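Visitor: Handing you a structure now.
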Amino acid sequence: MSIYALIVLLPLIGAFIAGFFGRSIGDRASQIVTCAGMAGALILSIMVFVQVALGGDAFTIRLFTWVISGDFVVDWALRFDTLTAVMLIVVNGVSTMVHVYSIGYMSHDDAKPRFMAYLSLFTFFMLMLVTADNLLQLFFGWEGVGLASYLLIGFWYHKDSANAAAMKAFIVNRVGDVGFALGIMAIFFLFGTVSFDEIFARAPEMVGQQFSFIGIEADALTIAAILLFIGAMGKSAQFMLHTWLPDAMEGPTPVSALIHAATMVTAGVFLVCRMSPLFEYAPLALDIVAFVGATTAIFAATVGLTQFDIKRVIAYSTCSQLGYMFFAAGVSAYGAAMFHLFTHAFFKALLFLGAGAVIHAMSDEQDMRKMGGIWKKIPITYAMMWIGSLALAGVPFFAGMYSKDIVIEAAYAAHSTIGQYAFWMGVIAAFLTAFYSWRLIIMTFHGKPRASAEVMSHIHESPNVMLIPLYVLAVGAVFSGYLGYGYFVGDEREAFWGASLFVLNDTIEAAHHVPLWVKLLPIVVGLVGIGFAYVCYMFFPIIPAISSSLFGPIYRFFYNKWYFDELYDRIFVKPSLYLGFGFWKAGDGNLIDGVGPDGVAGLTKDLSGWVSRLQSGYLYHYAFVMLVGVVIFITWYLLTLAG
């Protein structure tokens with residue numbers, strides 16, 4: 001077995017040791033073993049990146065045969081191509097920083113080994129997902145990530161809100177996973193295999209094939225691709241299946257950074273890019289991907305404008321940025337989608353962990369309305385939040401500018417109706433992103449202190465174990481765009497990606513030749529958004545109150561997240577609750593139990609009670625009963641003889 005298999009196994013070993021022996025070995029040992037496992041996996045991932053992505057030496061490690069059912073055989077194999085190598089750097093890089101950060105952030109928690117075990121378990125499942133060589137193995141990692149996210153979001157299970165958020169994330173993701181499972185079944189029905197290599201090789205043969213699904217006769221590849229995308233929508237919190245994402249902020253802040261910055265929510269983007277040889281032959285499915293992505297980008301940006309919980313603002317920002325990645329994939333700019341995924345992981349993890357440092361300093365306060373005037377007390381955290389926000393807003397020459405701009409340019413270069421829609425939604429979202437990013441900076445760090453005197457007196461900078469991961473991520477937020485541009489979307493992209501991405505219409509090449517105003521527009525609107533935030537929240541802070549009063553209905557619409565939670569509660573949750581209650585009381589209670597076990601038991605009890613009344617204890621009663629019995633017996637005997 002290759003040493004590179006340890007990339008996947010080391011986090012699992014760490015999770016096993018911390019999870020089952022954490023109480024025996026203690027908190028510190030659990031933290032050391034999980035962090036060491038992640039550090040080892042990261043070092044090996046860098047080696048894979050150099051060999052595979054930069055050296056062009058892709059390979060697959062076959063470990064054992066997993067499933068044998070007649071002619072259906074599935075191997076358990078680890079696929080190392082450029083797409084996997086990029087994801088390994090992202091997943092293991094961010095996860096290692098989160099593990100180290102958690103040593104300080106969770107220092108007062110009573111269940112440190114359990115938390116570290118959950119983090120490593122989550123990472124293991126994510127690594128299984130990105131190294132999968134077939135759809136069945138990918139589905140194993142996909143479902144495992146869902147399980148681990150449930151455990152992490154509901155880590156503080158003594159809080160009802162955390163339990164509810166964990167259940168919501170699990171259930172909403174199951175909705176998308178039904179589509180994903182059906183997509184895998186459709187592909188197996190069409191191709192007779194779940195192996196990526198065989199599917200990709202035969203995809204051109206399936207063009208034009210028809211397939212009947214729920215009474216609809218349509219293009220087979222289109223149906224399969226749409227079903228797969230439904231799974232991606234759930235995991236990546238896209239429009240209509242996004243409602244679990246903000247509630248997931250109930251978990252500890254390191255969980256938010258791990259799940260919502262670089263790992264779980266990017267699984268959907270990875271899936272679409274991995275299946276690019278299938279999507280390229282299903283143009284309608286690609287249009288749907290682009291439309292949903294562009295709509296998500298603008299939807300989440302509008303909601304982020306009005307939130308006051310610092311983590312929820314960043315969560316909606318994640319949702320919006322995922323929309324960018326999807327509409328890039330939807331216009332066949334898979335390299336641009338992965339480039340934005342790569343840079344976004346650094347600056348969004350930086351923002352989440354920076355927000356955690358703020359919450360840590362503010363005695364667990366998350367409401368920005370109760371912050372302000374603290375930048376001098378935590379200058380390092382303040383600087384880190386600035387770097388993350390500059391990258392997120394796409395300010396030259398931070399990482400976000402390189403990746404976000406090529407995504408928007410590719411949408412324009414697609415020269416399609418959906419491409420134009422995505423382009424303009426992306427531009428508007430870029431303005432809103434810059435605005436709400438500096439709204440967060442100003443409300444959190446500037447102005448007069450709005451916290452109590454007691455809280456203000458305890459504000460302090462985080463310990464080094466929490467700051468060092470911020471420094472590492474800040475380097476990525478500054479330099480990853482510049483260093484990665486040529487490989488991901490520049491002149492070296494074909495050699496870099498190799499066969500891991502498949503493109504029929506090279507929109508990235510066309511994106512390099514768009515008009516100058518297209519290239520400048522995202523930067524200009526981003527800078528205007530930053531300036532507008534200063535006007536509204538620093539120079540004339542009365543403007544937000546006046547605006548929310550003048551545009552009350554629109555403000556409430558955005559603040560209440562377009563009322564999706566209320567809509568789903570009315571359409572799905574309450575009817576399901578009433579239906580379940582009815583089945584429970586009327587069906588199970590009255591009918592099944594009433595007629596079945598409870599009915600038989602009740603009848604037996606009544607008969608026993610009636611018979612017990614015959615047991616009076618008087619001898620003459622028993623003699624009388626015996627006499628009656630003898631009379632009945634003789635009567636029956638005589639009637640039998642007469643017959």
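The values are calculated or read from the model by the stated rules, or taken from the named source; none is laboratory data. Remember, predicted model here, so these are calculated numbers, not experimental data. Positions of Cβ are backbone-derived with ideal geometry, glycine not excepted, and every protein chain shown enters the neighbour counts. Just the protein is used for accessible areas: all its heavy atoms, side chains included, with ligands, DNA and RNA removed. Shrake-Rupley method; radii C 1.70, N 1.55, O 1.52, S 1.80 Å.
Visitor: For region 38-51, in order, what is each residue's ³J(HN,Hα) by Karplus, 6.51 cos²θ - 1.76 cosθ + 1.60 with θ = phi - 60°, in whole Hz (x at glycine and Pro)?
Guide: 5, 5, x, 5, 5, 4, 5, 5, 5, 4, 5, 4, 5, 6
Visitor: Tilt of helix 6-25 relative to the longest C-alpha principal axis of the chain, in degrees (0 to 90, nearest 10)?
Guide: Between helix and principal axis, roughly 60 degrees.
Visitor: Now for a different question. Expressed as a fraction of 2.2 N^0.38 Å, the rule-of-thumb size for a compact globular protein of N residues, what is the C-alpha radius of gyration of region 1-149?
Guide: For region 1-149, the normalised Cα radius of gyration is 1.08.
Visitor: Would you list which lysines come within 18 Å of residue 585, measuring only between C-alpha atoms, while excluding same-chain residues fewer than 8 positions from it?
Guide: Straight-line reach from residue 585, under 18 Å: 574.
Visitor: Let me ask something additional. Accessible surface of residue 493 in the full protein assembly, 1.4 angstrom probe, to the nearest 10 Å²?
Guide: 20
Visitor: Please state the equivalent ellipsoid semi-axes for region 462-524: what are the square roots of 5 times the Cα gyration tensor eigenvalues, largest first, in whole Å?
Guide: 32, 19, 8
Visitor: Separate question: Rounded to the nearest 0.05, what FRET efficiency do residue 492 and residue 201 give with R0 = 22 Å and r taken as the Cβ-Cβ distance? Could you check?
Guide: With a Förster radius of 22 Å, E is 0.25.
Visitor: Same structure, new question: Antiparallel versus total DSSP beta bridges in the chain: what percent is that, nearest 5?
Guide: Antiparallel bridges make up about 100 percent of those DSSP assigns within the chain.
Visitor: Determine the distance separating the Cα centre of region 478-523 from the Cα centre of region 343-412; give it in Å without decimals.
Guide: Result: 24 Å between the Cα centres.
Visitor: Whole-Hz ³J(HN,Hα) for each residue in region 163-170, computed from phi via Karplus 6.51 cos²θ - 1.76 cosθ + 1.60 with θ = phi - 60°, x for glycine and proline: what do you get?
Guide: Residue by residue, region 163-170 yields 4, 5, 5, 5, 5, 5, 4, 5 Hz.
Visitor: For the chain, what number results from the quotient of the Cα radius of gyration and 2.2 N^0.38 Å?
Guide: Cα Rg divided by the expected 2.2 N^0.38 Å: 1.18.
Visitor: Can you give the accessible area of residue 57 in Å² (nearest 10), computed on protein heavy atoms with a 1.4 Å probe?
Guide: 70
Visitor: Any aspartates and glutamates with Cα under 15 Å of the residue 235 Cα? List them, leaving off those in the same chain fewer than 8 positions away.
Guide: 143, 177, 247
Visitor: Two-decimal Rg/Rh of region 234-390 from alpha-carbon positions, Kirkwood Rh?
Guide: On the way: Rg = 16.3 Å, Rh = 16.0 Å.
Rg divided by Rh gives 1.02.
Visitor: Mind jotting down the three principal axis lengths of region 358-402 based on Cα atoms? Whole angstrom, largest first.
Guide: Taking max minus min along each principal axis of the Cα atoms, region 358-402 gives 36, 19, 15 Å.
Visitor: What lysines could a cross-link reach from residue 376, if we take a straight Cα to Cα line under 20 Å and drop same-chain neighbours fewer than 8 places away?
Guide: In chain and number order, the partners are 448.
Visitor: Would you grab the residues whose amide H sits under 5 Å from the one on residue 239? Only those 5+ places off in sequence or on another chain, please, with H modelled 1.01 Å from N.
Guide: 296
Visitor: Hey, another quick one. Could you check the simple spin-label distance between residue 637 and residue 550, using points 7 Å along Cα→Cβ, in nm with one decimal?
Guide: 11.0
Visitor: Sequence-distant or interchain residues sharing an amide H contact under 5 Å with residue 66, placed H: which?
Guide: Residues meeting the amide H criterion: 74, 75, 76.
Visitor: What value does region 361-430 have for Rg/Rh, both radii from Cα atoms and Rh as Kirkwood defines it?
Guide: Rg/Rh for region 361-430 comes to 1.20.
Visitor: Would you calculate the separation in nanometres between label points at residue 565 and residue 73, each defined as 7 Å from the Cα along the Cα-to-beta-carbon direction?
Guide: About 5.2 nm separates the two model spin labels.
Visitor: Report Rg/Rh for region 256-333, rounded to two decimals, where Rg is the Cα radius of gyration and Rh the Kirkwood radius.
Guide: 1.04
Visitor: Turning to a different aspect of this structure: What do you get when you divide the Cα radius of gyration of region 379-465 by 2.2 N^0.38 Å, with N the number of residues?
Guide: Values: Rg = 18.0 Å, N = 87, 2.2 N^0.38 = 12.0 Å.
Ratio of Cα Rg to 2.2 N^0.38 Å: 1.50.
Visitor: If the viscosity is 1.567 mPa s and the temperature 4 °C, what translational diffusion coefficient in µm²/s does Stokes-Einstein give for region 142-251 when Rh comes from Kirkwood over Cα pairs? Before the final figure, lay out the partial values.
Guide: Numbers: Rh = 15.3 Å.
Translational diffusion coefficient: 85 µm²/s.
Visitor: Ok, one more. What list of whole percents do you get for P(r) of region 58-132, with Cα-Cα distances grouped in 10 Å bins up to the one holding the largest distance?
Guide: It works out to 17, 35, 26, 16, 5, 1, in whole percents.
Visitor: Here's something else I'd like to know. How large, in Å, is region 213-296 by the Kirkwood hydrodynamic radius built from its alpha-carbon pairs?
Guide: Value: 13.8 Å, from the Cα pair sum.
Visitor: Using θ = phi - 60° and the Karplus relation 6.51 cos²θ - 1.76 cosθ + 1.60, list the HN-Hα couplings for region 412-428 in order, rounded to whole Hz, with x at every Gly or Pro.
Guide: 5, 6, 5, 6, 10, 4, 5, x, 5, 4, 5, 4, 6, 5, x, 5, 4
Visitor: I'd like the distance separating the alpha-carbon centroids of region 533-585 and region 178-209, in whole Å.
Guide: Their Cα centres are 40 Å away from one another.
Visitor: Another question, if that's okay. Where does the Debye-calculated log10 I(q)/I(0) of region 540-643 sit at q = 0.14, 0.19, 0.22 Å⁻¹, using only Cα point scatterers of equal weight, no solvent?
Guide: Results for region 540-643 at q = 0.14, 0.19, 0.22 Å⁻¹ read -0.86, -1.02, -1.09.
Visitor: Using all Cα-Cα distances in region 474-630, what percent lands in each 10 angstrom bin from 0 up to the longest?
Guide: With a bin width of 10 Å, the distribution comes to 7, 12, 13, 13, 14, 9, 8, 7, 6, 5, 6, 1.
Visitor: Here is a follow-up. Just the Cα atoms of region 176-234, one point each, no solvent: what log10 I(q)/I(0) does Debye give at q = 0.13, 0.19, 0.25, 0.27 Å⁻¹?
Guide: -0.30, -0.64, -1.06, -1.17
Visitor: Additional query: Can you pull the Kirkwood radius for region 1-54, inverse mean 1/r over Cα pairs, to one decimal in Å? Mind showing how you got there, number by number?
Guide: Working: mean 1/r = 0.0851 Å⁻¹.
This gives a value of 11.7 Å.
Visitor: Place a label point 7 angstrom from the Cα of residue 364 along the Cα-to-Cβ direction, then list the residues of region 138-170 whose backbone nitrogen is under 16 Å away.
Guide: 154-163
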